[in-house]
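Where a number appears in this text, it was derived from the coordinates with a stated rule and is not lab data. Small disclaimer: the values here were computed from a predicted structure and weren't measured. Ideal geometry is used to build each Cβ from the backbone, glycine not excepted, and the neighbour counts take in all protein chains shown.
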Amino acid sequence: MSSHLAPQAKELTVGELADRSGVAASALRFYEREGLISSRRTSGNQRRYSRDTLRRVAFIRTSQRLGIPLAAIREALGLLPEDRTPTRQDWARISERWRADLDERIRTLQRLRDDLSECIGCGCLSLDRCALSNPYDRLSTHGPGPRRLIE
Ligand code: FES
């Protein structure tokens, strides 16, 4: 294949992007409505995506699997350069943003696991001491609201 193809020749249709990324075309259209990816329209009003959209979609899917909200993903993608194709360093820089968030959620889940481990094989559902039956009241001495999720 020639390396002198016009930029449009390197673009992907929505079907090609779906095949290559393993993400359904309906999900790709949703990402586009949400401002996570973008396309240009042909004269026949068909979507065409630049090839680096594949990496954007991979980043979105991985971030979603990690439980990152769409708004945070959109914000991170907004930090990529618009005037050139993002480099490996650009992608590394924005994915680094998830590290502190993941560390905090791992700590929260470990605390929940430790609380709930008392319940395994117990079944008492005690209002006084059971994290399953009364998780917030048990923690009320630490302040209002869902303490495990905001501490
Ligand atoms: S079920 Fe007994 S401590 Fe939770």
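The residues Phe59, Phe30, when put in order of fewest to most other Cβ atoms within 10 Å, stand as Phe30, Phe59.
Return the Rg/Rh value of the stretch 1-97, two decimal places, where both radii are evaluated on C-alpha atoms and Rh is the Kirkwood radius. Write down the numbers at each step before the final one.
Details: Rg = 13.7 Å, Rh = 14.2 Å.
Using Cα coordinates only, the ratio equals 0.97.
Our estimate of slack between Gln110 and Ala92, defined as 0.36 nm per intervening residue step minus the Cα-Cα distance, is 3.8 nm.
For Glu11, Glu104, what's the fewest-to-most ordering of other Cβ within 10 Å of each Cβ? Working shown, then result.
Values: Glu11 19, Glu104 11.
By the 10 Å Cβ count, ascending, the order reads Glu104, Glu11.
Centroid-to-centroid, using Cα positions, the stretch 70-106 and the stretch 25-56 are 19 Å apart.
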